[in-house]
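**Q** Sharing a structure below in structure tokens format, with a few things to ask.
The values are calculated or read from the model by the stated rules, or taken from the named source; none is laboratory data. Predicted model only: the values in this text are computed from it and were never measured. A quick note on method: Cβ atoms are made from the backbone with ideal geometry, for glycine too, and the neighbour counts reach across all protein chains shown.
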Amino acid sequence: MTTSETAPETARDAEHRPSVLFVCVNNAGRSQMAAGFLRELAGDAVVVHSGGTEPAESINPVAVEAMAETGIDISSRVPDELSPATVQESDVVITMGCGDECPFYPGKRYEDWQLDDPAGQGVEAVRGIRDDIRSRVEELITTLGVSREA
């Protein structure tokens, strides 16, 4: 699996839609929740990618549970290794706790979202992280100038 979270895009489609990459260390919680919200809220208006600098073997089950409560199923997602090519292809790179391990390429729009790591936390704590991520994704959609689906 590649870091692309959508079907392969033609060059023509990609040039008309912004591309967003969510990056965290394990690509098992925060970045997967953010990608899930962006896919759900922006639909096909945005190309969504996610990846991790040290991908986990599986997605965090508590993150899956918290997202399911909102009607978004991320259970089939698989943590994926961050690809430098995906960073270069993305218009916006959102980092979440990977610090110096996150690659930096000039000319990209970077945002660092300071969020608690859901790893090892119960669903009550993860709900708060989830809701914070949703709020940030909604704001991101507005700044991208695309219409929200939901």
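**Q** Could you say whether any residue in segment 70-77 is under 13 Å from ALA35 (Cβ atoms), among the β-branched types (Val, Ile, Thr), assigned to a helix (DSSP H, G or I) and touching a helix residue (DSSP H, G or I) at 6+ places or on another chain (Cβ under 9 Å)? Steps first, please.
**A** From segment 70-77, those under 13 Å from ALA35 (Cβ atoms) are 72-74, 76-77; that's our starting set.
Those left that are additionally among the β-branched types (Val, Ile, Thr): 72, 74.
Keeping just the survivors that are assigned to a helix (DSSP H, G or I) gives none.
Taking every residue of segment 70-77 in turn, none turns out to be under 13 Å from ALA35 (Cβ atoms), among the β-branched types (Val, Ile, Thr), assigned to a helix (DSSP H, G or I) and touching a helix residue (DSSP H, G or I) at 6+ places or on another chain (Cβ under 9 Å).
**Q** Follow-up. Quickly run through segment 59-87 and pick out the residues that are more than 15 Å from ARG130 (Cα to Cα) and in contact with a Lys or Arg (Cβ under 8 Å, 6 or more places away or on another chain).
**A** The one that is more than 15 Å from ARG130 (Cα to Cα) and in contact with a Lys or Arg (Cβ under 8 Å, 6 or more places away or on another chain): VAL87.
**Q** Conditions: (1) in contact with an Asp or Glu (Cβ under 9 Å, 6 or more places away or on another chain); (2) over 18 Å from ARG134 (Cα atoms); (3) surrounded by 15 or more Cβ atoms within 10 Å (Cβ to Cβ). TRP113 meets all but one. Number of the miss?
**A** Unmet condition: (2).
**Q** So which of ALA35, ALA28, ALA56 ends up being modelled with pLDDT of 95 or more, buried (at least 24 other Cβ atoms within 10 Å of the Cβ), part of a loop (DSSP other than H, G, I, E, B) and not polar (S, T, N, Q)?
**A** Working: ALA35 fails: part of a loop (DSSP other than H, G, I, E, B); ALA56 fails: buried (at least 24 other Cβ atoms within 10 Å of the Cβ).
Of the residues listed, the single one that is modelled with pLDDT of 95 or more, buried (at least 24 other Cβ atoms within 10 Å of the Cβ), part of a loop (DSSP other than H, G, I, E, B) and not polar (S, T, N, Q) is ALA28.
**Q** I've got another one for you. So which residues in segment 66-106 are charged (D, E, K, R) and either closer than 13 Å to ALA28 by Cβ or buried (at least 22 other Cβ atoms within 10 Å of the Cβ) (or both)? Can you show your working first?
**A** Just the residues of segment 66-106 that are charged (D, E, K, R), to begin with: 69, 73, 77, 80-81, 89, 91, 100-101.
Selection gives ARG77, ASP80, GLU81.
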